[in-house]
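*Asks:* I am attaching a structure below and will ask some questions about it afterwards.
The values are calculated or read from the model by the stated rules, or taken from the named source; none is laboratory data. On a predicted model such as this, the values are computed, not experimentally measured, just so you know. Cβ placement follows ideal geometry from the backbone for every residue including glycine, while neighbour counts extend to all protein chains displayed. Please note that ligands, DNA and RNA were not included when accessible areas were found on the heavy atoms of the full protein model with its side chains. Shrake-Rupley method; radii C 1.70, N 1.55, O 1.52, S 1.80 Å.
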Amino acid sequence: MPLGEKAGFEKSQSRYCGVETEFNDDIPQLLNFNLSTGSFDFVVAPLMNPTYRPSLLEKDGVLPFAASDLVLSPSQWSSHVVGKLSSWIDLDSEDEALRIDSETTLKQEIAWANHLSVQACILPPPKGASCANYARCVNQILQGLNNMQLWLRIPLVKTDDDAMDANSTSFIDSWELWNSFRLLCEHHGQLSIALDILSSLPSVNSLGRWFGETVAAAIINTDSFLTNGRGYPCLSKRHQKLITGFFNHSIQIVISGKPAHSIPRPSSDLAANNFDNNGESPQRHPLRPYLDYVGFLFQRMDPLPEQERFELGYRDFLQSPLQPLMDNLEAQTYETFERDSMKYIQYQRAISKALLDRVPDDKASATTVLMVVGAGRGPLVRASLQAAEETGRKLKIYAVEKNPNAVVTLHVSSNELTWYLLQQSLVKLEGWEDIVTIISCDMRFWDAPEKADILVSELLGSFGDNELSPECLDGAQRFLKQDGISIPSSYTSFIQPLTAAKLYNDVKSHKDLVHFETAYVVKMHNIARLTPSQPVFTFTHPDYSTKKSNQRYKRLQFEIPSDTGSAMVHAEDLMQIVRGKIGSTQGFAGYFDAELYKDVHLGIEPSIATPNMFSWFAIFFPLRTPVCVKSGSPLEVHFWRCCGSSKVWYEWCVASPNASAIHNSNGRSYWVGL
């Protein structure tokens, strides 16, 4: 039974909670007890008797699987059972007999699980830092696997310096172990993680890395639970926050272990109600209190806001950026953008401030010429008229739009805007057709009959300049008065290194160079932001410099926070030695922040993002080969904005700690057409 109903989580895997069980050759009874009595949604169960060793089995003997495939229906196997492979398997053992037995058993168990159509199998954790043979065997299996997922069990090891044993010489950061394994398996899309959550947790930055990885399940042992004042299991505040993060990232919870709490007996009245008609006490699942607590944490979460529910379908979905000059937008795209009320509130604020600065109160009757370039279906025209009404200023508006289909809507709106505004109770405005002149033309080639006091545009892309706002406004600047105002007046792009395994795997699945050299618009969700973002390119309007160029180049250096990864104390010289804290960069998130006018801003850079705005998602610049970064070793990144006669494109690369190829050289894979 799902943990509960909550808006925005109807299709989330995190609604389902499983339980890890011991070997049982009566699978139907195992399911009945854990699903019906315990109210769990699925079991993580061994598929083979743990005492089995191929070298000890007689030739032609029957393999000791838990049950026949006929004891459950295919839908029961696929919906309610996750296979757990034998924990003794060690493919990197020095013992040759054990190593051979391990490889044979691994292949047999996965083949059987695949035959049963279970949704996933949990692989035992690597037994040591060296896992090359284990990964080789798993990678071979992955090449021929159908749809089943393999979840590598990885302990979430505490990495704080002060928690390390001074005599320890074999400590391994569990993220490094996972990173080594998935690199050996070529970032295969069917290889995910089952994280073992222990009683102590790493630092916040270290935990954050995992949200950018393909974590499918989090296994919480009963030993990790504390005891509340009533004797029931509960979790520490840090564990609670981590579990909530898992819920928000569609990560399923699995309860593991034996009961570690003595649950108080119910009162006599409650106990009487728990007896059936025959006077027999029904069997209670020993781990039900742990499930109830996980359900309590799920139910306690706030439902997703309406905006996030609207964006659910776009999470981690790669979209090609718009080509606004080459293509005409469709009505559905216009409608989506026009629903973003916060964006137009900010524009209206900026236009109001500009009107008040431009026209003093004693000259309020003077007419201000305002041009909306790239008017679309008219939302900025409406915002301008509302600003004029709000400030008591007079406007003459030119609405310039190249898309002939949108111009049709503008003409209709010119007759219907007064009705629209009255219906919305915003302003009472008469005579819109006498105020607004509609121009069906590309702003770069229009000959304006007069100069504008204020130039308003909505040409920004997710990376600020990636939809050619600089080139468009350069062309329109000639009909702005020398002291005229441009809204926006400037905008800056930002980049930020990411761990984004899902996005990387999605790009990799295309198996070509072009997709690794393309920037994508993404509603980023399953990511880990490794460092704060840094500014890249800035454009200012109007720009009257004589040697103006829209080409740009920026070199940036990022440093991973020191507590992101593992640490150890070296015992021989009693000096504290910090091992490389490692993060894996699989690409960069791009954002923008725009100054519309003076202190009125608009943007998506996470630390200063405009709230409740959905017109822009971040942009993702992938790397063909992920880069592992240690703290203390700066990540050096280079970005170029290049301009040709018919296109604009970006190039990017990593120079340190390991040099990458320069991506998208000469715009060979991705460009924006002029």
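*Asks:* Over the heavy atoms of residue 450, what accessible area does a 1.4 Å probe trace out, to the nearest 10 Å²?
*Replies:* Its heavy atoms expose roughly 60 Å² to the probe.
*Asks:* Please list, ordered by chain and number, the residues whose modelled amide H lies under 5 Å from the amide H of residue 66; skip anything fewer than 5 residues away on the same chain.
*Replies:* For residue 66, the qualifying residues are 48, 49.
*Asks:* Using a 1.4 angstrom probe on the protein heavy atoms only, could you order 284, 393, 315 from most to least accessible area?
*Replies:* Greatest to least solvent exposure: 284, 315, 393.
*Asks:* Further question: What whole-number distance in Å separates the alpha-carbon centres of the range 630-674 and the range 139-157?
*Replies:* Each part reduced to its Cα centre gives a spacing of 33 Å.
*Asks:* Now for a separate question. Toward the positive end of the charge dipole of the chain, about the Cα centre and with charges on Cβ (Lys, Arg +1; Asp, Glu -1), which of 116, 608, 224 goes farthest?
*Replies:* Of the options given, the answer is 608.
*Asks:* Still on this structure, please answer the following. Could you go through the range 98-105 in sequence order and give the Karplus-derived ³J(HN,Hα) for each residue, using 6.51 cos²θ - 1.76 cosθ + 1.60 with θ = phi - 60°, rounded to whole Hz, and x for Gly and Pro?
*Replies:* Coupling constants for the range 98-105: 5, 5, 5, 4, 5, 5, 4, 5 Hz.
*Asks:* Just to confirm a number: summing +1 for Lys and Arg and -1 for Asp and Glu over residues other than residue 98 whose beta-carbon lies under 14 angstrom from that of residue 98, what do you get?
*Replies:* Its environment carries a net charge of -4.
*Asks:* Hey, another quick one. Tell me, what ³J(HN,Hα) does each residue in the range 546-562 have, in order and in whole Hz, if you take phi through Karplus 6.51 cos²θ - 1.76 cosθ + 1.60 with θ = phi - 60° and put x for Gly and Pro?
*Replies:* Result, ordered by residue: 7, 10, 6, 9, 9, 6, 9, 8, 9, 9, 10, 10, 10, 10, 6, x, 5 Hz.
*Asks:* Taking amide H positions as placed in the peptide plane 1.01 Å from N, state which residues far from residue 537 in sequence (5 or more) or on other chains have amide H under 5 Å from it.
*Replies:* So residue 537 has HN proximity to 493.
*Asks:* Taking +1 at the Cβ of each Lys and Arg and -1 at the Cβ of each Asp and Glu, which of 49, 126, 618 sits farthest along the dipole of the chain towards its positive end, judged by Cα position relative to the Cα centre?
*Replies:* Looking along the dipole axis, the top candidate is 618.
*Asks:* Can you pick out the pairs among 451/598; 84/107; 523/630; 353/598 whose Cα atoms lie more than 19 Å from each other?
*Replies:* 451/598; 523/630, as the Cα separations exceed 19 Å there.
*Asks:* In what order, largest first, do 241, 647 sit by accessible area if the probe radius is 1.4 Å?
*Replies:* From most exposed to least exposed: 241, 647.
*Asks:* Another one. For the chain, build the charge dipole from Cβ charges (+1 Lys, Arg; -1 Asp, Glu) around the Cα centre, then report which of 352, 190, 14 sits farthest towards its positive end.
*Replies:* The residue sitting farthest along the positive end of the dipole is 352.
*Asks:* Charges only on Cβ, +1 for Lys and Arg, -1 for Asp and Glu: so what's the dipole of the range 28-124 about the Cα centre, in debye to the nearest 20?
*Replies:* Computed about the Cα centre, the dipole is about 380 debye.
*Asks:* What does the net charge come to around residue 255 if you take all other residues with beta carbon closer than 10 Å to its beta carbon, with K and R at +1 and D and E at -1?
*Replies:* 0
*Asks:* How far apart, in nm, are two points set 7 Å out from the Cα along the Cα-to-Cβ line at residue 490 and at residue 104?
*Replies:* The two pseudo-label positions are separated by 7.2 nm.
*Asks:* Taking the Cα centre as origin and putting +1 on Lys and Arg beta-carbons and -1 on Asp and Glu beta-carbons, what dipole magnitude results for the range 491-673, to the nearest 20 debye?
*Replies:* Magnitude of the dipole: close to 520 debye.
*Asks:* How would 136, 15, 377 line up by accessible area, probe 1.4 Å, largest first?
*Replies:* The residues order as 136, 377, 15, largest area first.
*Asks:* Provide the per residue accessible area, probe 1.4 Å, for the chain, rounded to a whole number of square angstrom.
*Replies:* Per residue, the chain has an accessible area of 44 Å².
*Asks:* If you don't mind, there's one more thing I want to ask. Would you mind calculating the relative contact order of the range 10-73 from Cα pairs under 8 angstrom and at least 6 residues apart, reporting the percent as a whole number?
*Replies:* Reported relative contact order: 37 percent.
*Asks:* Another question, if that's okay. Using 7 Å Cα-to-Cβ label points, what is the residue 607/residue 450 separation (nm, one decimal)?
*Replies:* Reported label-point gap for residue 607 and residue 450 is 4.5 nm.
*Asks:* Could you pull out every residue, at least 5 positions away or on a different chain, whose amide H is within less than 5 Å of the one on residue 486? Hs are placed 1.01 Å off N in the peptide plane, and Pro or chain starts have none.
*Replies:* 455
*Asks:* Computing the accessible area with a 1.4 Å probe over protein heavy atoms, can you report the carbon and sulfur percentage for the chain?
*Replies:* 50
*Asks:* What percent does the relative contact order of the chain come to when contacts are Cα pairs within less than 8 Å and at least six residues apart?
*Replies:* Averaging sequence separation for qualifying contacts and normalising by length gives 12 percent for the chain.
*Asks:* Next up: Within 10 Å, count the other beta carbons around each residue, average over each peptide in 303-310, 369-376, and list them highest first.
*Replies:* For the peptides 303-310, 369-376, the packing ranking is 369-376, 303-310.
*Asks:* Could you tell me the accessible area of residue 543 in Å² (1.4 Å probe, neighbours in place), rounded to the nearest ten?
*Replies:* The accessible area comes out at roughly 50 Å².
*Asks:* Using the Cα centre as the reference, give the magnitude of the dipole from point charges on the C-beta atoms of the chain (Lys, Arg: +1; Asp, Glu: -1; all else neutral), rounded to the nearest 20 debye.
*Replies:* My answer is approximately 980 debye.
*Asks:* Next up: Residues with beta-carbon under 11 Å from that of residue 43, excluding residue 43: net charge, scoring Lys, Arg +1 and Asp, Glu -1?
*Replies:* -2
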